[in-house]
Structure formats: structure tokens, C-alpha cells
Amino acid sequence: MQGQKICVCALAGALLFGAGDWLLGFVSPEPVAGAFYFISEGHGADFAPWRITATLLCSVVAAPLFCYALSHTGTALCGSAACGRALDAASGLCAFGWLFLHLIVTFHVAAYGIAARMSGAMQAASFSGRLDSLLRPVLFASYACSAPAFIATAAVILAGKTRLKKQALLSTPLFPMLITGTISMLLPQSAFSKGLYTFCMNCGMIVWYVYLWAAGRRSGRTQQNKGTGRN
């Protein structure tokens, strides 16, 4: 039951983060020279402020769900308590990194849009570049907090420390992220391709926790069949 609760919370969190990312990313994709890497022409003066508000609301609601789910996944997944605690710690750190990453990108988009409305596109690009230099260490730290969980999850599966088969490695977040990101880059440049690229990290989490939810359901049915003596 706890495993199912973890999966539901993780999926709800990933979908909410993903909705916010799509609102930020589904814009005209032409890059803006000198600005933060995520900024494109569609984030200028015409970018609707309500998107920023909706993205922040999604993040605020998603954050506690994500933190709970990721910080309990290891215990539900691993056969040993020590392995579970280590994976919980790495995954909990990932949840905080995930939140800060979303907040930083949202702040960049909001700041660029405000600057474009007040001073024009050229000044906004220059301001965005300076802001990027200031916040880049925090951005890198957010990525650094997120990465160990992906590596640790793959490692414990390959080492046979979990209740999953080694084939489960292909469903861990990193692989769906890479596949979705690659597809987005192969598609013709459009608002959809940029939105898909922005969504790819959340897609990895969604695939992973859908897999865990399905595996938990299968395990539950197997145990029930054993209890009733059915094959």
C-alpha cells in the first residue's frame, strides 16, 4: 500500500511540474543571443504573465508530493535497510534540486519578460545574460543535486539490491529523459518541440513511477494468488 501511495504522489508531482514546464516551454523557439539558454523569442514582451503564476502554483503544490515520494522510494524498492536509506537520501536531494531548477528557470523567464516590456528586447537579453552569470552556480548546484539519484537508482538495480529485475534499468528516469529529449531535437523547430524538450525531465519520472506502480500491482496479485493457492 505504501508503494502505491509513493507512486501516486510522485506521478502527481511530476505531472504538475510537467504542466508548469509546458507552460514555460510552449513558445516560439528562436533563441535570443546573449540571454539565458532557455530564453527564446516567445518569452518576450508578449509572454502572458499568467503562465508564470500558473507555473509557480504547480511547483508549490508539486514540491511536497515530490519530496515525500522520492525520499521514500528507496525504502520501498531496496531489499536492505541500509541500501534503502542511501537511495532515499539521494532521491530526497534530487527532489530539492528539481524544485530549485524549476524556480530558477521560471525566475529567468519572468525577469526577461518584465525587462522586455520595460526596456525592449536588446536590453532584456543583456539583462538576462548578466542574471545568468549571477545565478549559474545555483543552477549547476540544482543539476548536481538531481544527478546522484539517477546514478544510484541504476547502480542498485544493476547490483541486484532491489526487488526489480535488471531490465527495469531501461525504465529508470534517465533513459526516458534522453529518448524524449532526443525526439524533441529531431523534430522541426516549433513551439511543440521546445515544449517537449522542456517536459522531458518530467517524462522520465512519469515513466519510472508508472513502471513501479505496475510492478507493485503485479507483485500484489502474485502474493494474493499464493495466499489463495491459485497459480
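Here are a few things to note about the model shown:
- Of the candidates L187, L212, the single residue that is modelled with pLDDT of 85 or more and either of a type in the set (S, T, N, Q) or under 28 Å from F26 (Cα atoms) (or both) is L187.
- Unique match (being surrounded by fewer than 17 Cβ atoms within 10 Å (Cβ to Cβ), within 18 Å of M201 (Cα to Cα) and touching a residue at least 24 places away in the same chain (Cβ under 8 Å)) among L101, L56, L139: L56
- Some residue of segment 109-119 being part of a helix (DSSP H, G or I) and within 13 Å of the chain's Cα centre (by Cα): no
- Of G113, G3, G79, G42, all but one fail to be open to solvent by less than 10 Å² (accessible area, probe 1.4 Å), touching a residue at least 40 places away in the same chain (Cβ under 8 Å) and farther than 17 Å from L139 by Cβ; the exception is G113.
- Number of the exception - M205 against (1) at pLDDT 90 or above; (2) over 20 Å from E30 (Cα atoms); (3) open to solvent by 20 Å² or more (accessible area, probe 1.4 Å); (4) not basic (K, R): (3)
- Residues of segment 49-71 include at least one that is aromatic (F, W, Y), at pLDDT 90 or above and either outside any helix (DSSP H, G or I) or more than 17 Å from the chain's Cα centre (by Cα) (or both).
- Set H102, H108: member being within 22 Å of L65 (Cβ to Cβ) and modelled with pLDDT of 90 or more: H102
- Flag for T73 being touching a Leu at 6+ places or on another chain (Cβ under 8 Å), over 19 Å from S142 (Cβ atoms), open to solvent by less than 20 Å² (accessible area, probe 1.4 Å) and hydroxyl-bearing (S, T, Y): yes
- Answer residue from segment 6-32, given it is open to solvent by 20 Å² or more (accessible area, probe 1.4 Å), out of contact with any Pro (no Cβ under 9 Å at 6 or more places or on another chain) and more than 21 Å from F192 (Cα to Cα) and is modelled with the lowest pLDDT among those: V8
The values are calculated or read from the model by the stated rules, or taken from the named source; none is laboratory data. The model shown is predicted, which means the values in this text are computed figures rather than measured ones. Note that we place each Cβ from the backbone using ideal geometry, even for glycine, and neighbour counts take in every protein chain shown. Calculation scope for accessible area: heavy atoms of the full protein, side chains included, ligands and nucleic acids excluded. Shrake-Rupley method; radii C 1.70, N 1.55, O 1.52, S 1.80 Å.
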